[in-house]
Amino acid sequence: MITFNELNLSDDLMRSIDKLGYENPTLIQEKSIPSILEGKDLMGESATGSGKTLAFGCGVIERVIPKKGLQALILTPTRELAEQVRTEIDNLANNKKLKIISIYGGVSINPQFAALKKADVVIATPGRFLDHLERRTVDTSKINLIVLDEADRMLDMGFIDDIEKILSVCPKQRQTLFFSATFANRIEELVRKHSVDPVKVLAKKQVDPEKMKQFYYDIPKNLKMSLLIHLLKNESSDLVMVFCNTRKSTDLVVKNLRANKIDAIAIHGGFTQNKRSQAMDTFKIGKAGVLVCTDVAARGIHVEHISHIYNYEVPADPTDYVHRIGRTARAGEIGQAINLICEYDHENFSRIFREFDFEITKIERPYIERVELILPPRRPQRKGFRGRRR
Ligand code: ADP
Ligand code: MG
């Protein structure tokens, strides 16, 4: 293990890192920061929670000069993540007077026009940034650093065309960094197309079975909610996240938990930005012990002291599973992931085993009191929409 001192960071940046209380760089930081500071293009792959933000954040802080126009653009898949990255870069910039803003959809575009004129660093979701490009309300001519954070997820979410358009209008003379928890072939293709001689950094850490225990219950569908409620009431835990595959089941779960006197709060893609932020805050400060959410809403969010992850449903994509369980057992803490599986989860569950070498221990169902399921009111479905809303 090396120290931050060995990374040749500026005194300003060292002070910010000190202030944040970080003692040593994480593996991805240690392996990627030197190349980033040399100005090389790079693709960095490491697990969720391994500190990728600080890795590219150092590049941003060391490169950008205050009041010289928009020089660094960071693209993230979701609004929550954009906010989170902005906060983290803000913390790193502590001693440097940089104008760092976030730009995303779902909020009024008007205040963004003026903010963009003064910004040195922009953290944006692709859709809204493209919107500004098309309106010519953003000047890209000074951009010399672009970061694609959670590149895999951005592609999953269908942002490929937006990203291609954005990258193609930014100056060719620039540094491009791709960060991701997993690198699918499609990403390698994107990297090849939009970077020069990229350095490839892998810092994949397997889930540490000593710190992170994984379990499952195999139960009939009609007992799932009862088991979840039973476990939430009987397991002692710190903060808890319950993952669902759709908005609909998120609504169902939160409603039933509350009906059973469990302090639960929900976030999914159907809520306004305001509501999502409020819910995250309530959860972070521990006012609600249980956050019920979909993958989209939770991606990249870092909350400390999550001791239990429940999968009310098993995700169809095994990488989503890894992201879910990556919310716990962070920074040396211990955690548990508990899967509630029934008939309809079996296929997704076996896909996880095919792709990862995880040890997931079966637990026999305890005696549980059956609760009566309360169905939430139907939300009007938009016509023509196929597939699952998350
Ligand atoms: P990733 O993007 O890889 O999922 P993040 O950048 O969100 O991970 O970092 C996860 C958490 O680890 C954050 O709370 C961050 O503040 C913390 N962190 C980052 N670097 C370090 C470090 N060197 N030492 C301790 N904690 C760190
Ligand atoms: Mg991240």
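Out of curiosity, is Leu42 surrounded by 22 or more Cβ atoms within 10 Å (Cβ to Cβ), under 28 Å from Arg327 (Cα atoms), assigned by TED's automatic domain parsing to the domain that holds Glu150 and not polar (S, T, N, Q)? The answer is yes for Leu42. Kindly provide the set of residues from the stretch 215-253 that are more than 24 Å from the chain's Cα centre (by Cα), surrounded by fewer than 17 Cβ atoms within 10 Å (Cβ to Cβ) and either under 22 Å from His305 (Cα atoms) or among the hydroxyl-bearing types (Ser, Thr, Tyr) (or both), ordered by number. Of everything in the stretch 215-253, those that are more than 24 Å from the chain's Cα centre (by Cα), surrounded by fewer than 17 Cβ atoms within 10 Å (Cβ to Cβ) and either under 22 Å from His305 (Cα atoms) or among the hydroxyl-bearing types (Ser, Thr, Tyr) (or both) turn out to be Lys233, Asn234, Glu235, Ser236. Residues that are modelled with pLDDT of 95 or more, among the polar types (S, T, N, Q) and within 14 Å of ligand 2 (Cβ to nearest atom) occur in the stretch 31-49; there is at least one.
For the stretch 147-161, a residue qualifies if it is in contact with a helix residue (DSSP H, G or I) (Cβ under 7 Å, 6 or more places away or on another chain) and aliphatic (A, V, I, L, M), and the qualifying residues are Val147, Leu148, Ala151, Met154, Leu155. Residues that are modelled with pLDDT under 95, under 30 Å from Met14 (Cβ atoms), away from ligand 1 (no atom under 16 Å from the Cβ) and in the same structural domain as Thr48 (by TED's automatic domain parsing): does the stretch 105-126 have at least one? No, the stretch 105-126 contains no residue that is modelled with pLDDT under 95, under 30 Å from Met14 (Cβ atoms), away from ligand 1 (no atom under 16 Å from the Cβ) and in the same structural domain as Thr48 (by TED's automatic domain parsing). Evaluated against (1) more than 16 Å from ligand 1 (Cβ to nearest atom); (2) among the aliphatic types (A, V, I, L, M); (3) more than 15 Å from Pro126 (Cβ to Cβ), Ala181 falls short on exactly one condition, (1).
Of the residues making up the stretch 81-117, those that are without any contact (Cβ under 8 Å) to a residue 40 or more places away in the chain, under 20 Å from Ile61 (Cβ atoms) and of a type in the set (D, E, K, R) are Arg86, Glu88, Asp90, Lys97, Lys99. Yes or no: Arg153 at pLDDT below 95 and either crowded, with 20+ Cβ neighbours inside 10 Å or not aliphatic (A, V, I, L, M) (or both)? Answer is yes for this residue. For the stretch 223-250, the set of residues classified as modelled with pLDDT of 95 or more and charged (D, E, K, R) consists of Lys224 only.
Within the stretch 286-300, the only residue that satisfies the criterion of being more than 19 Å from Arg389 (Cβ to Cβ) and within 16 Å of ligand 1 (Cβ to nearest atom) is Gly300. In the stretch 55-97, of all residues being in a loop (DSSP other than H, G, I, E, B) and surrounded by 22 or more Cβ atoms within 10 Å (Cβ to Cβ), the one that is nearest to ligand 1 (Cβ to nearest atom) corresponds to Thr76. If the condition is being at positive phi and more than 9 Å from ligand 1 (Cβ to nearest atom), then the stretch 11-54 contributes only Gly39. For the stretch 254-268, the criterion of being at negative phi, within 16 Å of ligand 1 (Cβ to nearest atom) and modelled with pLDDT of 90 or more is met by none of the residues. Does Thr272 fit the bill of being modelled with pLDDT under 95, hydroxyl-bearing (Ser, Thr, Tyr) and not assigned by TED's automatic domain parsing to the domain that holds Ile28? So Thr272 fits the description; yes. Of all the residues in the stretch 1-51, those that are of a type in the set (A, V, I, L, M), out of contact with any helix residue (DSSP H, G or I) (no Cβ under 9 Å at 6 or more places or on another chain) and not in a helix (DSSP H, G or I) number 0.
Tell me, please, whether a residue that is under 22 Å from Gly51 (Cα atoms), within 16 Å of ligand 2 (Cβ to nearest atom) and in a helix (DSSP H, G or I) can be found in the stretch 137-152. Yes; the residues of the stretch 137-152 include at least one that is under 22 Å from Gly51 (Cα atoms), within 16 Å of ligand 2 (Cβ to nearest atom) and in a helix (DSSP H, G or I). If the condition is being within 15 Å of ligand 2 (Cβ to nearest atom) and within 24 Å of Ser141 (Cβ to Cβ), then the stretch 50-69 contributes Phe56, Gly57, Gly59, Val60.
The values are calculated or read from the model by the stated rules, or taken from the named source; none is laboratory data. The structure presented is a predicted model; accordingly, all values stated were derived computationally and were not measured. Because the Cβ atoms are built from the backbone with ideal geometry, glycine has one as well, and the counts that use them run over all protein chains shown.
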